[in-house]
Amino acid sequence: MKILGISAHYHDSAAALVVDGVPVCAVQEERLSRRKNDATFPAAAIEWCLDRAGIEPAALDAVVFYERSMLKLDRILTSSLRAFPRSWRSFPNAIKNSLGEKVWVRGIISSYLGVPRSRILFTDHHMAHAAAAFFTAPTRRAAILTADGVGEWATLTVGRAERRDDGTADVTLMREIRFPHSLGMLYSTFTAYLGFAVNEDEYKVMGLAAYGRPTMTDRVRRLIRRTPDGGFALAPEYFEYQTTASRSYSSKFVDLFGPARQAYDPIDLETDEGKRFADCAASVQRVLEDTLVDIARGLHEETGLTDLCFGGGVALNGVANARILAESGFERVFVPPAPGDAGCALGAALYADRIYFHNEDRDVPDHPFWGPPVDAAELARAAREDGHDVDELDETTLIERTADDLAAGRIVGWMDGASEFGPRALGHRSILAAPHSRAMRDRLNRDIKYREEFRPFAPVTTCEAADRYFEMPSGGARLARFMSGVFAVRPEWQAELAAVTHVDGSARLQALEHDMAPRLHRLLEAYGRRSGIPVLLNTSFNVAGEPIVNRAAEGYSTFRRCGIDVLIAERTVVRKHASPPARPLKERVT
Ligand SMILES: [Fe+2]
């Protein structure tokens, strides 16, 4: 059976194809359209998925959309009417957005693909999050937690799921918290207040939090009240997102926390104002963590299960995830590589396959590489035309030379096989560098990523070596498989890992198992033979404001525009003429 899953019209549109119960491909629209967080109907992603699998639209058994559009319209209308007349300004926009595209999804899909309307299905949004987390995880029985900004009405759900030996499967969402009460919206409100882009820059709040102290948690707790049933409710007077799309926090919120930061004002952590913003971030981060840990602990006690599958955009918060693992009682926590709305395309397709059509349960390969492959010949052609040095190397030479380059302080653009599905570079579209010095961090921020200096870089290491350098609770390596947890760097290694150690001594680690990305694993070992430390700095292969590179041409274009010294696609290596001279490692360890 061939099932296409689609997510669209909110943020991060995507398409995913499941054939006979197993994903074949999945890609976010932004990787193809090259518009970051592209939320339009994912025409290019759908076309690529069908092309890749050699399937005509008419051969699809079902097309599944990741939410129920009418329910979402119901929520928008109801919220607007409740707030009338305050909401009258946003009302026409909400209606236009909803009626323009969101509601008539069945018609749009049917006319675009030419499939009969009867083959177009819809899942509940949080069920798609739950299915994306559960059916891609190597577990047969797990508790389910989903949390995001909002779907139709639900913003957080708890449940349980099972894959049985007779090939059947079941996902039950037992309870939900409904809009406007939302952990995702609480965090996004602070994201907006701190001058960052909502639905995009929440991770910057988490990064900034490490510079602050949670001195304002009492004030944040005035915004969110725990309810006797184990849930929570937000105090509506501090928020405006429920009534208008133009501002998410109210004047009462500003009275409580002080003036908001303007988007283009620099954050100077030496000033009282800068410290206040960092303390704000630390405080909302702490309250988010405490609330999630508490809900997860209650879910563990209620279900008695050892595994938790956690989905939804809030599951991108690696600090919270690590605390859930350490404190909730669950032994294993599974966060999929694409826990946000893009991942719902895959979740919706898997849900339809296992639950709606009752197809036999199948294991899903445990990796994130479902996107377009890189074409090394395309890179070689373009680079030669421009007069660059291009080498085609055998595997061993390539790995050894690349390790030499990294040890000599060169920055490497690394493209390997199919691109990652989800927001993180997990070894197939990465910029790699030596992780030892602050100078390297600053160089990456200045010459390549063009971004705020409070943002940390992430380390990647082998599963075998992870414990030596990072303090992980039992089950930490699983959370670190897709870079979903933030853990402490062992104190004795922090100076040697200065480029990837955040100001609070933590790191968002990827612990790489050999079979998931064998070439990067070999490179880490080769680098370890040179430096004594098999750890590399791994950041997504893009510059600020652009999606992660997808094809070789985009990698090459990025390489030409920024300070990457060496570009690798499969076994093709391109060098800039002006690579910096090699310097011994010890000089750079500061
Ligand atoms: Fe969502």
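The values are calculated or read from the model by the stated rules, or taken from the named source; none is laboratory data. Bear in mind that the values here come from a model prediction, so they are computed numbers and not experimental data. When we count neighbours, we look across all protein chains shown, and the Cβ atoms used for this are built from the backbone with ideal geometry, even at glycine. The protein model used for the area step is the full one, side chains on, heavy atoms only, and it has no ligands, DNA or RNA in it. Shrake-Rupley method; radii C 1.70, N 1.55, O 1.52, S 1.80 Å.
Structure values in brief
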{"item": "Qualifying positions in segment 540-564 - within 15 Å of M440 (Cβ to Cβ) and open to solvent by less than 10 Å² (accessible area, probe 1.4 Å)", "result": "I564"}
{"item": "Qualifying residue in segment 213-235 (condition: of a type in the set (F, W, Y) and open to solvent by 20 Å² or more (accessible area, probe 1.4 Å))", "result": "no"}
{"item": "Candidate set: segment 102-112, residues that are outside any loop (DSSP other than H, G, I, E, B) and out of contact with any Lys or Arg (no Cβ under 9 Å at 6 or more places or on another chain); chosen: the one nearest to the ligand (Cβ to nearest atom)", "result": "V105"}
{"item": "Selection status of P534, free of Cβ contacts under 8 Å to residues at least 12 places away in the same chain, farther than 28 Å from A209 by Cα and of a type outside the set (K, R)", "result": "no"}
{"item": "Pairs where the first residue, in segment 143-155, is free of Cβ contacts under 8 Å to residues at least 40 places away in the same chain and the second is near the ligand (Cβ under 9 Å from one of its atoms) and outside any loop (DSSP other than H, G, I, E, B), C-beta under 6 Å, 6+ apart", "result": "A154/H126"}
{"item": "Counted residues, segment 236-261 - those being modelled with pLDDT of 90 or more and either aliphatic (A, V, I, L, M) or under 15 Å from Y193 (Cα atoms) (or both)", "result": "15"}
{"item": "Unique match (being free of Cβ contacts under 8 Å to residues at least 60 places away in the same chain and at negative phi) among R478, R451, R455, R468", "result": "R468"}
{"item": "Test result for Y238, among the aromatic types (F, W, Y) and under 21 Å from R178 (Cβ atoms)", "result": "yes"}
{"item": "Test result for I295, in contact with an Asp or Glu (Cβ under 9 Å, 6 or more places away or on another chain) and in contact (Cβ under 8 Å) with a residue 40 or more places away in the chain", "result": "no"}
{"item": "G298, sole failed condition from (1) open to solvent by less than 50 Å² (accessible area, probe 1.4 Å); (2) more than 16 Å from the ligand (Cβ to nearest atom); (3) not in a helix (DSSP H, G or I)", "result": "(3)"}
{"item": "In segment 119-173, residue farthest from the ligand (Cβ to nearest atom) [restricted to those that are of a type in the set (D, E) and open to solvent by less than 20 Å² (accessible area, probe 1.4 Å)]", "result": "E152"}
{"item": "Selection status of F196, under 30 Å from T501 (Cβ atoms) and either open to solvent by less than 10 Å² (accessible area, probe 1.4 Å) or touching a Ser or Thr at 6+ places or on another chain (Cβ under 6 Å) (or both)", "result": "no"}
{"item": "Meets criteria (in contact with a Pro (Cβ under 6 Å, 6 or more places away or on another chain) and of a type in the set (S, T, N, Q)) for Q285", "result": "no"}
